[in-house]
Amino acid sequence: MRQPRENDAASARSDWSASKTGRSRSRSASWFAPPENAYFYRNTAIHGIRPQDTCHSPSFEAVWREIKPYIEHQTVVAHNGAFDFSCLRHTLDYYGVEQPSYLPQCTLKIYKKDLATLCREHRIQLNHHDALSDALACATLYLHALQNQEV
């Protein structure tokens with residue numbers, strides 16, 4: 001089995017779930033180290049996350065039980081979800097963890113625009129490529145789409 005790159009291991013992940021009622025379950029950022037704390041240089045260039053940032057962080061395997069309730073049987077929203085959901089799938093496979101059931105939703109597919117442009121258009125604060133900021137922006141956009149019956 002191939003070892004996931006650090007983004008496959010979701011080295012910084014935000015726990016935010018938006019239900020059809022428009023309520024969130026939590027707002028928190030969780031850092032965990034990828035396998036061998038190894039990073040692909042392009043991902044470091046995009047996100048700024050380096051091995052020294054996660055050298056004392058737990059592994060994905062160690063935090064999975066804590067974050068699983070935010071994913072399993074939930075609507076999970078991401079921008080460019082094909083990438084993020086693939087990362088989650090490969091990471092769970094790497095650790096031999098059963099794939100949870102969840103409803104994946106992608107704001108890129110819904111709006112067909114990049115996240116920064118959407119945030120400017122909708123006046124949503126964004127610190128682009130910061131995990132929590134991106135997650136909050138996606139949740140806000142998804143809730144807006146639900147309210148306008150675009151989903």
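Bear in mind these aren't lab numbers, they're just calculated from the coordinates by the rules spelled out. Computed from a prediction, not measured in an experiment: that's the story for all the values here. Glycine also receives a Cβ, built like all others from the backbone with ideal geometry; neighbour counts cover every protein chain displayed.
Taking a ≥ b ≥ c as the square roots of the eigenvalues of the Cα gyration tensor, an a/c ratio of 1.5 or more together with a/b larger than b/c marks region 69-143 as prolate.
From the Kirkwood radius over Cα pairs of region 12-147, Stokes-Einstein at 4 °C and 1.567 mPa s returns a whole-number translational diffusion coefficient of 83 µm²/s. Under 5 Å between amide hydrogens, built in the peptide plane, is the criterion, and for THR75 it picks out LEU103 among residues at least 5 positions away or on other chains. Each peptide in 128-134, 94-100 gets a packing score, the mean of other Cβ atoms within 10 Å over its residues, and the list from highest to lowest is 128-134, 94-100. Exposure proxy ranking for ILE46, ILE67, ILE110, based on other Cβ atoms within 10 angstrom of each Cβ and starting from the fewest, stands as ILE46, ILE67, ILE110.
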